[in-house]
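This report refers to the structure that appears directly beneath it.
The values are calculated or read from the model by the stated rules, or taken from the named source; none is laboratory data. Quick caveat: nothing in here was measured; it's all calculated off a predicted structure. Don't worry about glycine lacking a Cβ; one is built from the backbone with ideal geometry, like all the others, and counts go over all protein chains shown.
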């Protein structure tokens, strides 16, 4: 019997839907036992969000400051697993606070150290730098990162901004104003996620994951848009300054943070609607001399390799 542990966090339920579909070939195999653990903060984050709480989560999310979590069941901690699948979302260009908190916990060290791990990302579009942060944490634990799958919203950047805000603030995954597409990962991409479970099952049975990521990439598990990577990197630099500034004004909920959170809100609107198009245009104009470097970077970000930051 092969035992697989699936650890994830979700507010909307979309992450669990993706994982269930992706792992359906494993669930159908009588030789595989799936165990699910939803990461649960001691005080969970609201869904739908309200405006202030949404922005108040920014500093701790970007700076990767952990929150308190409900304990993992002893029955899970005492079991030995052949494979661990981790499902997470991206909050403010970093792994979500609950997921980051888990990776920094004693339970994560106990469950992941020395184990083959597959990450499954569920987000709007920019995830590359968040994944690098996850890679760093997995490396610190001593986990063996063998696969990565990214399920993203394929719509245009500014369209997905409008639809995701509608979903996060209302809790409704419907067509905003009857004009925009449904937010989040498309139903088609979710339904087709089971194709990734087929090679995962084969490698699980062989206990050899050396070529898993190559096979997942052949199935379209990861799509890299270099312009988004370029934007992601520059946004990380600016977000770092804002996050440190707001955090210096107090902990979540502190009144002294409110004016700075409002300022960050206005900055974010400006960055999305004005700066991002300019950055994209500059990238398109200037990227040709760096094409070989961009291709090399793209290969790296599609992989599960991790380069220690200098």
Six or more apart or on different chains, Cβ under 8 Å: which pairs go from a residue in the stretch 4-17 that's more than 15 Å from residue 99 (Cβ to Cβ) to one that's part of a loop (DSSP other than H, G, I, E, B)? Could you list them? 4/23; 4/81; 4/82
Out of 54, 58, 47, sole residue that is within 16 Å of the chain's Cα centre (by Cα) and farther than 18 Å from residue 141 by Cα: 58
Any residue at all in the stretch 66-82 that's modelled with pLDDT under 95, surrounded by fewer than 16 Cβ atoms within 10 Å (Cβ to Cβ) and outside any loop (DSSP other than H, G, I, E, B)? no
Can you tell me how many residues in the stretch 44-53 are under 13 Å from residue 11 (Cβ atoms) and surrounded by fewer than 19 Cβ atoms within 10 Å (Cβ to Cβ)? 6
In the stretch 173-191, what count of residues is obtained for those that are touching a residue at least 24 places away in the same chain (Cβ under 8 Å) and more than 18 Å from the chain's Cα centre (by Cα)? 3
Among (1) touching a helix residue (DSSP H, G or I) at 6+ places or on another chain (Cβ under 9 Å); (2) without any contact (Cβ under 8 Å) to a residue 40 or more places away in the chain, the one test that residue 93 misses: (2)
List the pairs whose first member sits in the stretch 207-235 and is in contact (Cβ under 8 Å) with a residue 24 or more places away in the chain and at positive phi, whose second member is surrounded by fewer than 19 Cβ atoms within 10 Å (Cβ to Cβ) and not in a loop (DSSP other than H, G, I, E, B), and whose Cβ atoms are under 9 Å apart, counting only residues at least 6 apart or on separate chains? 207/2
Do you know which residues across the stretch 247-262 are in a helix (DSSP H, G or I) and surrounded by 14 or more Cβ atoms within 10 Å (Cβ to Cβ)? 247, 257, 258, 260, 261
When the stretch 83-109 is examined, which residues are found to be touching a strand residue (DSSP E or B) at 6+ places or on another chain (Cβ under 7 Å) and either modelled with pLDDT under 95 or part of a loop (DSSP other than H, G, I, E, B) (or both)? 89, 96, 105
Just give me the residues in the stretch 13-33 being touching a helix residue (DSSP H, G or I) at 6+ places or on another chain (Cβ under 7 Å) and surrounded by 17 or more Cβ atoms within 10 Å (Cβ to Cβ), in sequence order. 17, 18, 21, 22, 23, 25, 26, 32
In the stretch 1-37, what residues are in a helix (DSSP H, G or I) and more than 19 Å from residue 199 (Cβ to Cβ)? 14, 15, 16, 17
What is the number of the single condition among (1) at pLDDT below 95; (2) in a helix (DSSP H, G or I); (3) surrounded by fewer than 12 Cβ atoms within 10 Å (Cβ to Cβ) that residue 307 does not meet? (2)
Could you identify the single residue in 164, 198 that is under 18 Å from the mean Cα position of the chain (by Cα), surrounded by fewer than 21 Cβ atoms within 10 Å (Cβ to Cβ) and over 16 Å from residue 302 (Cα atoms)? 164
Looking for something outside any strand (DSSP E or B) and closer than 26 Å to residue 159 by Cα - is there at least one such residue anywhere in the stretch 110-121? no
